Amino acid sequence: MKNTNTSSERRNFAMLQVRVSAREKALFAEAAAAARKSMATWAREHLEAAAVRDLRSESRPR
């Protein structure tokens with residue numbers, strides 16, 4: 001079967017792929033940034049909780 005796509009159709013398809021790829025990259029970067037922010041928040045909260053536990057355990061009468 002012969003490929004009947006014209007060169008302009010192939011070029012348009014290639015440009016569409018580039019645009020989709022750029023959009024996918026942007027979405028991936030956005031998701032990665034959200035994940036990093038979420039991980040940083042989780043770590044900060046757990047470190048703060050551990051510090052509070054340490055302070056409470058030090059202030060308890062023995």
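The values are calculated or read from the model by the stated rules, or taken from the named source; none is laboratory data. This one's a predicted model, so the numbers in the text were calculated from it and none came from an experiment. These accessible areas exclude ligands, DNA and RNA; they are computed on the full protein's heavy atoms, side chains included. Shrake-Rupley method; radii C 1.70, N 1.55, O 1.52, S 1.80 Å.
Provide the three semi-axes, in whole Å and in decreasing order, of the ellipsoid equivalent to the chain as defined by the square roots of 5 times the Cα gyration tensor eigenvalues. Present the calculation step by step, with values, prior to reporting the outcome.
Values: eigenvalues 690, 14, 3 Å².
That gives 59, 8, 4 Å for the three semi-axes.
Taking 0.36 nm per intervening residue step and subtracting the Cα-Cα distance, what contour gain separates V52 from A34 on full extension?
Stretched fully, the V52-A34 segment lengthens by 3.8 nm.
I'd like the carbon and sulfur percentage of the solvent accessible area for segment 13-62, probe radius 1.4 Å, heavy atoms only, ligands and nucleic acids excluded. Can you show the working numbers first?
Working: 3010 of 4750 Å².
The C+S portion of the solvent-accessible surface of segment 13-62 is 63 percent.
On a 0 to 90 degree scale, rounded to 10, what angle separates helix 7-59 from the longest Cα axis of the chain?
Result, in degrees: 0.
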